[in-house]
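Since the structure comes first, as structure tokens, the remarks are kept for the end.
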Amino acid sequence: MTPQEIVDRLKEKFGDKVLESKLDGVSPWTEVDPAAILEISRFLRDDEALLMDHLELLGGVDYKDRIEVVYVVYSMKHRQRHILKVKLPRENPHIRTVESVWRVANWHERETYDMFGIVFDGHSDFRRILCPDDWEGYPLRRDYVFPKSYRGMPV
Amino acid sequence: MDVEFSGDIMTLNMGPQHPSTHGVLRLELKTDGEVVHEAIPHIGYLHRCFEKHAENVEYPGVIPFADRMDYVAAMSNELGYVLAVEKLMGIQVNDRVRYLRIIMAELNRIASHLVAAGTYGLDMGSFTPFVHCFRDRETILDLFEETCGARLLYNYNWIGGLMFDILPGFEERVIKFLDHFEPLVDDLNRLLSYNYIFVKRTANVGILTPEMAVSHGVTGPNLRGSGVKFDVRKDEPYLGYEEFDFDVPVGKGEYGPVGSCFDRYIVRIREVIESCKIVRQAVAGLKPGDIQEGIPKRIKPAAGEVYMRTECPRGEMGFYIVSDGGTKPYRVKVKSPCFTAMSAFKEISRGAMIADIVAIVGSLDIVLGEIDR
Amino acid sequence: MGVLEGRFKENVLITSLDWVINWARSWSPWPLTFGIACCAIEMMAAGAARYDLDRFGAGLFRPSPRQSDLMIVAGTVTLKMGTRIKRLYEQMPAPKYVISMGSCANNGGPYWQYGYHVLKGVDEVIPVDVYVPGCPPRPESLLEGLIQLQNKIRKQTIAKTS
């Protein structure tokens with residue numbers, strides 16, 4: 001299926017939950033409504049024509065006015081890939097977890113929380129993964145200030 | 001695996017400093033004596049802020065940092081990053097660069113699998129395969145050192161080309177090494193792979209079913225050990241791998257159920273033979289040319305984003321690069337194969353004994369630099 | 001360091017005893033298996049067949065800090081790991097020595113500028129005897145560092161130094 005066909009199939013099922021898409025670059029992407037991410041993910045995994053059973057990457061990108069969460073999904077059977085994006089506000093970003101759809105999202109979402117501060121509602125084991133548990137701040141945000149010391153050790 | 005659990009649960013710590021955890025990994029084991037209820041991995045002890053550095057240095061300057069993620073197979077990391085940037089900019093490299101990159105990547109794959117096999121033998125208690133594997137690996141490191149000056153972390157793949165060309169006589173030295181090395185794999189099989197104790201310790205342990213593997217995003221030899229025949233070099237080829245003739249070994253469950261530690265290990269040994277085939281074909285087809293002619297004067301991709309994945313020795317490494325039109329990347333996100341393999345660890349190790357935990361960690365072949373970035 | 005040091009006044013008997021004790025200590029430093037990152041692979045290569053650590057008596061890597069006298073800190077030390085390194089150092093019995101291997105353990109290495117989670121040098125938490133530069137240092141550099149440590153051990157004395 002071409003990227004345009006994938007977007008059309010999503011639009012016919014979800015209508016206005018599928019927002020803009022950019023399909024002419026090297027990696028085509030589609031933006032969706034954050035409230036519908038769980039249903040769209042389940043549809044992508046279970047639909048016969050799409051069968052996107054492999055979540056390749058789940059990450060965050062901090063733009064100046066918003067934070068985006070990027071989902072790169074791939075179908076092992078049909079050999080096709082698509083990128084989904086979700087735009088969230090910078091203060092207090094919340095989104096549903098897709099852990100029940102792809103098990104690997106568990107760790108990816110913990111890392112995105114650790115680095116950007118995005119809260120994934122419904123996550124089974126919600127805590128930091130890379131930085132220590134008592135770390136302050138979200139390091140990959142653009143306005144992050146490096147700490148002077150941590151537990152007596154200079155940084 | 002259904003096991004009768006009885007008695008009190010004790011929390012044991014296989015801490016960051018441990019001879020068998022392949023790096024600074026902390027495993028919290030909830031055990032009732034010998035059988036483990038739950039093994040929770042804690043990572044982050046080697047978090048070196050790669051993604052923050054990548055936002056603050058220019059595109060070519062990210063390559064040494066990318067090296068240091070999976071430090072056992074540095075050529076493959078660099079290759080993944082460089083191919084992603086070239087895809088974003090639309091640069092095509094000439095045939096000599098392509099073939100040299102393939103030769104270096106496959107030699108690196110052989111060296112990395114030798115480290116995996118040697119340290120796995122060491123974990124299981126046998127010291128001789130470790131010394132044999134490292135001795136054979138030294139010849140490969142000599143070949144790398146004469147080309148680019150470094151043994152372990154190379155900075156060799158550049159955006160659009162390579163750092164140095166090979167010295168005269170390199171092809172003969174590579175063929176001489178392969179002729180010397182291929183019979184030694186049989187030695188390794190006799191010594192370690194089909195050894196009765198090794199098979200007993202690994203064959204029925206750490207079963208990973210294919211559905212669990214795909215849902216957990218496990219890739220590479222770990223996925224192929226569970227019977228799923230998927231290799232990025234065959235299914236989404238890059239760099240011209242479709243011109244080469246090689247096989248993709250898959251775990252068959254020779255001594256127990258498919259997806260055990262033994263299957264993952266034996267897939268790696270068989271991949272070493274396949275890599276030798278690829279190197280021979282690449283050396284035979286090497287054409288003359290200039291390796292630096294494709295390098296642009298200023299690396300300034302147009303605004304956009306790209307996702308590119310390559311087959312590293314540990315699985316598929318994916319690079320998601322966002323560019324805003326400047327000379328420094330806006331965001332580089334790395335999906336490392338060991339991170340997803342470790343996320344499946346809790347499922348694989350349910351009901352195992354404490355000695356089996358060591359076998360499972362070794363069979364996943366993790367490198368903490370890649371997990372923590 | 002240790003129970004013998006600082007008890008005796010200097011005399012010719014102590015000098016000979018010093019020589020024997022330092023000879024024994026310098027030719028059998030048992031390292032702790034403490035590879036953290038890339039330098040650990042070069043440390044393993046130094047312990048393997050081509051560059052042999054065993055000819056210096058240092059081939060017997062001990063898994064427990066309570067049985068080792070040498071800690072080769074090979075790799076980047078992060079803040080999460082720093083408290084654990086301090087605890088491991090305190091668990092080692094005296095006389096104990098530390099070799100800081102690689103530029104990350106010396107002073108932060110390539111991560112000095114934007115590494116918010118990197119400790120800029122392991123000497124912020126534990127005292128270091130020998131620094132081995134390189135990224136990663138060749139196994140021959142590590143052996144040179146070990147020889148420098150042996151020279152340092154041979155200068156120690158159990159007599160009272162005031």
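The values are calculated or read from the model by the stated rules, or taken from the named source; none is laboratory data. Computed from a prediction, not measured in an experiment: that's the story for all the values here. A quick note on method: Cβ atoms are made from the backbone with ideal geometry, for glycine too, and the neighbour counts reach across all protein chains shown.
I'm trying to understand the selection: among the residues of the range A:1-45, which are under 19 Å from the mean Cα position of the chain (by Cα), among the charged types (D, E, K, R) and within 14 Å of chain B (Cβ to nearest Cβ)?
Correct list: A:Lys22, A:Glu31, A:Arg42, A:Arg45.
Given (1) crowded, with 19+ Cβ neighbours inside 10 Å; (2) modelled with pLDDT of 90 or more; (3) within 11 Å of chain C (Cβ to nearest Cβ), where does B:Tyr81 come up short, assuming only one miss?
Result: B:Tyr81 passes all but (3).
Buried (at least 20 other Cβ atoms within 10 Å of the Cβ) and within 14 Å of chain C (Cβ to nearest Cβ): is that true of B:Ala74 in this structure?
It is true that B:Ala74 is buried (at least 20 other Cβ atoms within 10 Å of the Cβ) and within 14 Å of chain C (Cβ to nearest Cβ).
In the range A:107-135, which residues are more than 11 Å from chain B (Cβ to nearest Cβ), assigned to a loop (DSSP other than H, G, I, E, B) and crowded, with 16+ Cβ neighbours inside 10 Å?
Scanning the range A:107-135 gives A:Gly117, A:Ile118, A:His123.
Please indicate, with yes or no, whether at least one residue in the range C:4-20 is within 14 Å of another protein chain (Cβ to nearest Cβ) and in a helix (DSSP H, G or I).
No: zero hits.
Go through the range B:17-51 and give me each residue that's under 30 Å from C:Ile41 (Cβ atoms) and modelled with pLDDT under 85. Even if it seems obvious, please write down each step before you answer.
Taking the range B:17-51 and keeping what is under 30 Å from C:Ile41 (Cβ atoms), we get B:17-29, B:36, B:39-51.
Hits for the range B:17-51 are B:Gln17, B:His18, B:Pro19, B:Ser20, B:Thr21, B:His22, B:Gly23.
Of all residues being over 21 Å from C:Tyr89 (Cβ atoms) and of a type in the set (A, V, I, L, M, F, W, C) in the range C:31-52, which is farthest from the other protein chains (Cβ to nearest Cβ)? Just the residue, please.
Looking at the filtered set, the residue picked out is C:Ala46.
Could you check the range A:136-155 and list, in sequence order, the residues that are farther than 19 Å from A:Gly60 by Cα and within 8 Å of chain C (Cβ to nearest Cβ)?
Across the range A:136-155, the qualifying residues are A:Phe146, A:Pro147, A:Tyr150, A:Arg151, A:Met153, A:Pro154, A:Val155.
Counting just the residues of the range B:337-352 that are in contact with a strand residue (DSSP E or B) (Cβ under 6 Å, 6 or more places away or on another chain) and more than 8 Å from chain A (Cβ to nearest Cβ), which one comes out farthest from B:Met317 (Cα to Cα)?
Filtering the range B:337-352 for residues that are in contact with a strand residue (DSSP E or B) (Cβ under 6 Å, 6 or more places away or on another chain) and more than 8 Å from chain A (Cβ to nearest Cβ), the one farthest from B:Met317 (Cα to Cα) comes out as B:Ala352.
Exactly one of (1) assigned to a loop (DSSP other than H, G, I, E, B); (2) more than 28 Å from A:Trp135 (Cα to Cα); (3) more than 9 Å from chain B (Cβ to nearest Cβ); (4) of a type in the set (A, V, I, L, M, F, W, C) is unmet by C:Cys135. Its number?
Here C:Cys135 clears every test but (3).
Is it the case that the range B:192-201 has a residue that's over 30 Å from B:Gly253 (Cα atoms), basic (Lys, Arg) and either buried (at least 16 other Cβ atoms within 10 Å of the Cβ) or free of Cβ contacts under 8 Å to residues at least 60 places away in the same chain (or both)?
no
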